[in-house]
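All remarks here apply to the structure that follows.
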Amino acid sequence: AKLAGLKPTDEIISSNKPITSRILEMSNDRNRIVWTEDKKIIFRDLANPLVKSKEIGDSLEWISVSSESEYALVAIKIINGAGCRLKAISFLDSKNHYDSGAFVSCLNKGAISSDGTKIYYFVDENLYEEETKEPKKPKLILPKDKLLSPFPKLKNRFSIHPIGKSFVIFSGSAGSYFLYW
């Protein structure tokens, strides 16, 4: 079907005109949608009349939602431009959020577990896991020699995407990637 115009079943979910480009994520079952509008993240359950929004207060580089989209890991650009810091948030619990002590490359996309208790991110091409509670104790779970580059001397970019309670990891660059599950 063409997307040339509105259909009777179409619904506009936002008429706002943000300054920055929107970032859009969906749950695995496509019933929940999460998007950004400048420094705000909006969660909407399409099957139920539920909309929540969180004001982050900083510019977002990327967001990564859990498989059910109840939790999100967000990357916030550091003011001096040296990378991003990470924050885990819950859409259904207004008080639940966690600031990670990690500073990561903004080019690599991390993830959050389906229950919001763990975040995953890359530092120097190594994959770390961190529980979303104090004290902050990042744990190396996959060293860089296990995440191969498709070509020698190619600097990898990494992206993690949830599928239920597991993840797929893309490792590579310039259109050539290895996929891990």
- Query: Just one of GLY110, GLY83 is on the phi > 0 side of the Ramachandran plot and touching a Ser or Thr at 6+ places or on another chain (Cβ under 8 Å); which is it?
  - Reply: GLY83
- Query: How many residues does the range 6-28 contain that are assigned to a loop (DSSP other than H, G, I, E, B), in contact (Cβ under 8 Å) with a residue 24 or more places away in the chain and open to solvent by 40 Å² or more (accessible area, probe 1.4 Å)?
  - Reply: 3
- Test set (1) over 19 Å from TYR98 (Cβ atoms); (2) under 18 Å from the mean Cα position of the chain (by Cα) - PHE122 fails condition number: (1)
- Item | Residue count, the range 78-87 (criterion: among the hydrophobic types (A, V, I, L, M, F, W, C) and open to solvent by less than 10 Å² (accessible area, probe 1.4 Å)) | 2
- Extreme residue, farthest from SER159 (Cα to Cα), among residues of the range 50-77 that are assigned to a loop (DSSP other than H, G, I, E, B) and open to solvent by less than 40 Å² (accessible area, probe 1.4 Å): ILE56
- Message: Can you tell me which residue is farthest from the chain's Cα centre (by Cα) among those in the range 39-49 that are more than 17 Å from LEU86 (Cα to Cα) and open to solvent by less than 30 Å² (accessible area, probe 1.4 Å)?
- Response: ASP45
- Message: Can you say whether ARG44 is part of a strand (DSSP E or B), among the basic types (Lys, Arg) and more than 15 Å from GLU61 (Cβ to Cβ), as far as the supplied structure shows?
- Response: yes
- Task: Could you run through the range 67-84 and say how many residues are modelled with pLDDT of 95 or more and basic (Lys, Arg)?
- Result: 0
- Query: Within the range 16-38, is even one residue among the hydroxyl-bearing types (Ser, Thr, Tyr) and over 16 Å from the mean Cα position of the chain (by Cα)?
  - Reply: yes
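The values are calculated or read from the model by the stated rules, or taken from the named source; none is laboratory data. This structure is a prediction, so every number in the text was calculated from the model and none was measured. Virtual Cβ from ideal backbone geometry, glycine too; neighbours counted across all protein chains shown. Just so you know, the surface numbers come from the protein's heavy atoms only, side chains and all, with ligands and any DNA or RNA stripped out. Shrake-Rupley method; radii C 1.70, N 1.55, O 1.52, S 1.80 Å.
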